[in-house]
Amino acid sequence: MTHHRRKFRNTPVVVDGARFDSKGEARRWDELQLLERAGKIRSLERQKRIRLTVEGVHICTWVVDFAYFEGERRVWEDFKNPVTAKHPVYRIKRKLAQAIYPAVIIREVF
């Protein structure tokens with residue numbers, strides 16, 4: 001059996017049948033579910049695929065960990081550690097998404 005080292009050394013976990021990239025991400029999901037039940041956020045989704053298209057040309061797809069509404073504002077949230085938050089591909093997708101969707105709040109949670 002071969003073992004490969006995970007790119008960012010995170011440890012995936014499965015909680016209630018759902019796979020998360022890290023324990024921290026699973027914890028954040030629990031927090032967001034509580035906020036949704038309390039009526040603070042709504043329409044909570046996991047692993048939301050965001051198409052990043054410029055002038056009709058599909059550039060790439062960005063998968064955010066969580067998406068929801070806070071009042072009338074759309075929020076896309078990514079659970080990151082300091083290393084992954086600095087990754088060049090992540091940084092450019094985040095900047096591209098913010099430029100294409102300026103009304104969306106993009107949050108990094110550590």
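Just one of (1) open to solvent by 40 Å² or more (accessible area, probe 1.4 Å); (2) of a type outside the set (K, R); (3) more than 10 Å from the chain's Cα centre (by Cα) fails for L44. It is (1).
Of everything in segment 69-85 that's assigned to a helix (DSSP H, G or I) and free of Cβ contacts under 8 Å to residues at least 60 places away in the same chain, which residue is surrounded by the most Cβ atoms within 10 Å (Cβ to Cβ)? Looking at residues that are assigned to a helix (DSSP H, G or I) and free of Cβ contacts under 8 Å to residues at least 60 places away in the same chain, I get A85. Can you spot a residue in segment 93-104 that is under 24 Å from E31 (Cβ atoms) and either in contact with a Pro (Cβ under 7 Å, 6 or more places away or on another chain) or in a strand (DSSP E or B) (or both)? For segment 93-104, residues under 24 Å from E31 (Cβ atoms) and either in contact with a Pro (Cβ under 7 Å, 6 or more places away or on another chain) or in a strand (DSSP E or B) (or both): absent. Residues in segment 86-99 that are touching a strand residue (DSSP E or B) at 6+ places or on another chain (Cβ under 7 Å) and surrounded by 15 or more Cβ atoms within 10 Å (Cβ to Cβ): 4 in all. When F66 is tested against (1) at pLDDT 95 or above; (2) open to solvent by 60 Å² or more (accessible area, probe 1.4 Å), only condition (2) is not met. Close Cβ contacts (under 8 Å, 6 or more residues apart or on different chains) running from residues in segment 49-64 that are within 21 Å of V75 (Cα to Cα) to residues that are open to solvent by 60 Å² or more (accessible area, probe 1.4 Å) and of a type outside the set (K, R) comprise I50/Y101; R51/H58; L52/H58; L52/I59; T53/I59; V63/Q47; V64/Q47. Of all the numbered requirements in (1) surrounded by 14 or more Cβ atoms within 10 Å (Cβ to Cβ); (2) modelled with pLDDT under 95, I50 misses one, and that requirement is (2).
The values are calculated or read from the model by the stated rules, or taken from the named source; none is laboratory data. These numbers were taken from a predicted model, which means no experiment stands behind them. Glycine gets a Cβ as well: all are built from the backbone with ideal geometry, and neighbour counts include every protein chain shown. We work out accessible area using only protein heavy atoms, side chains counted, and drop any ligands, DNA or RNA first. Shrake-Rupley method; radii C 1.70, N 1.55, O 1.52, S 1.80 Å.
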